[in-house]
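Have a look at the structure below before the remarks.
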């Protein structure tokens, strides 16, 4: 059986896979396809000129993944142009975030990136204008149950996901990077002013801004289902950066907070992905991590690993639950959290008794 | 208890986990020797799929079947009695969603002497009844559901699976071939009542033998029409074929070129029929017979 570190090393030291048995290859394919990282793995290997030694079956699945990722890439580029046309005039800025932005910038993290949705940032005061404009263009809000709808509208940093009626693309419209309810949402106007850049006529964050956002998204959150993919994003973003990148990153932390999240990200990249950091960054991180609780760092290290029943470490479902609970505590003040947890618990219990799909609305037949 | 089996269904190997005994029974009944115990298999597994119970005590009251692959759940749960049909549809979905090394067309594929005809058709057109009939009358079944076309060629790879019979055709086909192997019935699915029929020994024995597509025939059963055939021009055939190609947009430029290639190298027809014998002789004499002229 493969260990999770072996899976990480398949990315950071592709030559380590040359001794894999067919069984190990098989497990790697199944784990990476599950983690939506097969295309990324293959493209990295190809860039190193090392894809030749892949067994035939592995090669076929890798090429399938590459084709699917390539399709997503062209969809993202096309949707971005469409969005610019549809809402570009309605908003002072329209900024692409995360996966879509990596692809547009053609930076490392765009390599083999697949998406479940396209993330966009606009100022809060134009959200409703933008939303109705999008509706005219065929983007419809996904049907949510009443509780989730309220959650988004009142407390979140984004509105409920919208989906295009014919193309099926899912759009997440953000007005901040962190939930309003956390009390830690950042001064987004100022943040955008210092981090934005234009690539091929499209606004995105600069490299430090992307890393900052990605670290928040991963470590100030309650969802670790794509955590391993997000770690590889961070790794690709930080790989081959110069000192300037780190100066900018730490400047963002002192202006907008979330130093802890960035430090954890850099620490894990150093420990598990073999990233070399400038000396002053290294000592800064050692000092900060030293002050954190050891179990928390360990927990985050574990839940950002690949998770699969075919790995020695398994699916880590118990640790995931703890990490989700941690995320909720971070994001919500206690009174809200108690209410939210109560509601979710009630619903979870209903699902336990009546089945997972109790709240799933049946399809019209 | 979770049962585990390997299904060797060329060109893919599936690892199947199921809580439902009915799934395993039907699987072994319909796929025969192609189903083996995991401990007897040492090769590569392409996909791990499962058909499991619904969670919670619902299981005790009104158990459902859930299909998953790579933690993806493409369908809402179905009634327990539909679990095996769900596995069949799930396997179709897995292949259609992932196998972009082939252009995949939603169609039946049957061949004679290495020359294949694809039958793309919407549900209700009588495609599966036609498949069942032809596959027992001198045609080799390559697939009832999907044509796996090598991009930019006319080569089709068999994916030999059970034939999915619906509603009235169930008793009809059972009366024609009482000695064939059928699954238990899945009642009231979104397609109505469904029974799967084993593909037959010849099809399975030759399940790695590719064929060349020489005909594209859009069939439509009509009880009032004995047999009518309409030539289809290439542009119309292209549009109709593209509509039935699951992954043609994913393949982008290559997808478009592949559909063009396929249409250019085959003759295309629309047929309306109530006589399967007449359709069979048209296919054999006109479609296959004319193929060498092209």
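The values are calculated or read from the model by the stated rules, or taken from the named source; none is laboratory data. These numbers were taken from a predicted model, which means no experiment stands behind them. Cβ: placed from backbone, ideal geometry, glycine included. Neighbour counts: every protein chain shown.
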Residue B:80, sole failed condition from (1) modelled with pLDDT under 95; (2) in contact with a helix residue (DSSP H, G or I) (Cβ under 7 Å, 6 or more places away or on another chain); (3) more than 9 Å from every other protein chain (Cβ to nearest Cβ): (2)
Report those helices (runs of 4 or more DSSP H) wholly inside the range A:250-365 carrying at least 1 residues which are at pLDDT 95 or above, loosely packed, with under 15 Cβ neighbours inside 10 Å and under 23 Å from the mean Cα position of the chain (by Cα). A:259-273
Take residue A:35 and tell me if it is away from chain B (no Cβ under 14 Å), touching a helix residue (DSSP H, G or I) at 6+ places or on another chain (Cβ under 6 Å) and in contact (Cβ under 8 Å) with a residue 24 or more places away in the chain. no
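What are the residues in the range B:101-148 that are within 14 Å of chain A (Cβ to nearest Cβ) and closer than 17 Å to residue B:191 by Cβ, if any?
Listed by number, the list holds a single entry, B:123.
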Name the strands (runs of 3 or more DSSP E) wholly inside the range B:115-155 in which the number of residues that are within 19 Å of residue B:240 (Cα to Cα) is 3 or more. B:115-120, B:146-149
Might you check whether a residue that is modelled with pLDDT under 95, touching a strand residue (DSSP E or B) at 6+ places or on another chain (Cβ under 9 Å) and under 30 Å from residue B:255 (Cβ atoms) occurs anywhere in the range B:54-67? yes
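Could you identify the single residue in B:278, B:285 that is touching a strand residue (DSSP E or B) at 6+ places or on another chain (Cβ under 6 Å) and either within 30 Å of residue B:28 (Cα to Cα) or more than 14 Å from chain A (Cβ to nearest Cβ) (or both)? Outline the logic, then answer.
Working: B:285 fails: touching a strand residue (DSSP E or B) at 6+ places or on another chain (Cβ under 6 Å).
Criteria check complete, one pass: B:278.
Considering every residue within the range A:89-98, establish whether at least one is buried (at least 20 other Cβ atoms within 10 Å of the Cβ), closer than 25 Å to residue B:97 by Cα and under 16 Å from the mean Cα position of the chain (by Cα).
Yes, the range A:89-98 contains a residue that is buried (at least 20 other Cβ atoms within 10 Å of the Cβ), closer than 25 Å to residue B:97 by Cα and under 16 Å from the mean Cα position of the chain (by Cα).
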In the range A:121-158, which residues are within 20 Å of residue A:89 (Cα to Cα), touching a strand residue (DSSP E or B) at 6+ places or on another chain (Cβ under 7 Å) and assigned to a loop (DSSP other than H, G, I, E, B)? A:122, A:138
Any residue at all in the range B:164-174 that is more than 14 Å from every other protein chain (Cβ to nearest Cβ), buried (at least 23 other Cβ atoms within 10 Å of the Cβ) and either without any contact (Cβ under 8 Å) to a residue 40 or more places away in the chain or closer than 23 Å to residue B:211 by Cα (or both)? yes
Test residue A:189 against the criterion of being assigned to a helix (DSSP H, G or I), surrounded by fewer than 14 Cβ atoms within 10 Å (Cβ to Cβ) and touching a residue at least 60 places away in the same chain (Cβ under 8 Å), and give yes or no. yes
Tell me which of these residue B:192 doesn't satisfy, since it passes every other one: (1) under 17 Å from the mean Cα position of the chain (by Cα); (2) within 14 Å of chain A (Cβ to nearest Cβ). (1)
